[in-house]
Amino acid sequence: MYGDTGTVREILTELGDTWAVVGLSQNTSRPAWGVAEVLQRYGKRVVPVHPSAETVHGERGYPTLARIPFPVDVVDVFVRSELAGRVADEAVAIGARAVWFQLGVVDEAACERTRAAGLRMVMDRCPAIEIPRLG
């Protein structure tokens, strides 16, 4: 299992409301755009992280996690699995509390490293699907 129910609930309800969404751009046809919209609806601050550093859903974007000038609680990752491990390592480096790999994003070694660094970790799940289930 890539994220037990307790960990999912903890990330969504207890670890903070600032979510950096890696891969979020103004492209409304991409899944990251819709997921970010749902997260905002549930009270999360969504910070776009994309090389183009676009403003999305009213939030200023940054080209990398390291360029965000304030604390980030959760890093939500919308990149290919082969790139996700680097993003997880960056999340550890910036002091995030959790990393969430989206549906289809799996990297077992990155998961182990992230958890060993003390962060909560979920893989191959979607917060926009999980958050309404919390009730």
Worksheet item: With contacts defined as alpha carbon pairs under 8 Å and 6 or more residues apart, what's the relative contact order of the chain in percent?
Response: 25 percent
Fill in: Dipole magnitude of the stretch 48-103, debye to nearest 20 (Cβ charges: Lys/Arg +1, Asp/Glu -1, about Cα centre)
60 debye
Worksheet item: Val21's amide H: which non-local residues (gap 5+, or another chain) put their own amide H closer than 5 Å, with H modeled 1.01 Å from N in plane and none for Pro or chain starts?
Response: Val47, Val49, Asp76
Worksheet item: Given 0.36 nm per residue, what is the gain on full extension from Arg30 to Asp89 after removing their alpha carbon distance, in nm?
Response: 18.8 nm
Discussion item. Counting heavy atoms of the protein chains only and a 1.4 Å probe, report the per residue accessible area for the chain as a whole number of Å².
Written reply: 48 Å²
Worksheet item: Based on the Cβ-Cβ distance from Arg41 to Thr13, what FRET efficiency comes out when R0 is 25 Å, to the nearest 0.05?
Response: 0.95
Practice prompt. Measure off, as a whole percent, the carbon and sulfur share of the 1.4 Å-probe accessible area of the stretch 5-118, all protein chains present.
Written response: 49 percent
Practice prompt. Assuming R0 = 25 Å, can you tell me the calculated FRET efficiency for the pair Glu108 and Ala66, based on Cβ-Cβ distance, to the nearest 0.05?
Written response: 0.50
Response to the item:
Projecting the Cα atoms of Ile94, Val77, Ala32 onto the charge dipole of the stretch 5-118, where Lys and Arg contribute +1 and Asp and Glu -1 at Cβ, the residue farthest towards the positive end is Ala32
Worksheet entry | Net dipole in debye of the stretch 5-118 [+1 Lys, Arg Cβ; -1 Asp, Glu Cβ; about Cα centre; nearest 20] | 180 debye
Practice prompt. With both partners inside the stretch 13-135, how many of the DSSP beta bridges are antiparallel, as a percent to the nearest 5?
Written response: 5 percent
Worksheet entry | Residues of the stretch 72-114 with amide N under 17 Å of a point placed 7 Å along Cα→Cβ from Asp124 | 77-85, 100-113
Worksheet, complete the sentence: Of the candidates Val106, Trp19, Val8, the farthest towards the positive dipole end of the chain (Lys/Arg Cβ +1, Asp/Glu Cβ -1, centred on the Cα centre) is Trp19
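The values are calculated or read from the model by the stated rules, or taken from the named source; none is laboratory data. Treat the numbers as computed from the prediction; the structure is a model and nothing was measured. Virtual Cβ from ideal backbone geometry, glycine too; neighbours counted across all protein chains shown. Heads up: the accessible areas ignore ligands, DNA and RNA and are worked out on the full protein's heavy atoms, side chains in. Shrake-Rupley method; radii C 1.70, N 1.55, O 1.52, S 1.80 Å.
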